[in-house]
1. Using 0.36 nm times the number of residues separating I16 and V3, minus their current alpha carbon distance, what extension gain do you get?
2. Determine, from the Cβ-Cβ distance of D29 and L67 and an R0 of 25 Å, the FRET efficiency 1/(1 + (r/R0)^6), rounded to the nearest 0.05.
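Computed from the coordinates by the stated procedures, all read-outs in this text should not be read as laboratory data. Just so you know, these numbers come straight off a predicted model, no measurement behind them. Backbone-built Cβ (ideal geometry, glycine too); neighbour counts: all protein chains shown.
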Amino acid sequence: MTVRSRRQGKSIIIPIPSEFGVKPNSVFDPEQLSDGTIQFTPHEIKYPDIWNDDPETIAQFNRQIGLQDRGHQYGRENADS
């Protein structure tokens, strides 16, 4: 398989064959190796683990920004009524 690079604006674009299964808008970290090989590594987006934060840290933050904290978790409301 051979692909041809092309210019788009000030960038050079190299198409990725659809057989590779890369989804549109995927994010990669490019690197040119010492032998001239261009390597694209998928960029892992790391989201903060907000569901396991320390309750005291959350309460302290809420006090700092002026929010009242009743000291219990939300999201477990009684939905039967």
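1. Details: separation 13, 0.36 × 13 = 4.68 nm, distance 0.80 nm.
Additional length available on full extension: 3.9 nm.
2. Values: r = 38 Å, r/R0 = 1.51.
Efficiency, rounded to the nearest 0.05: 0.10.
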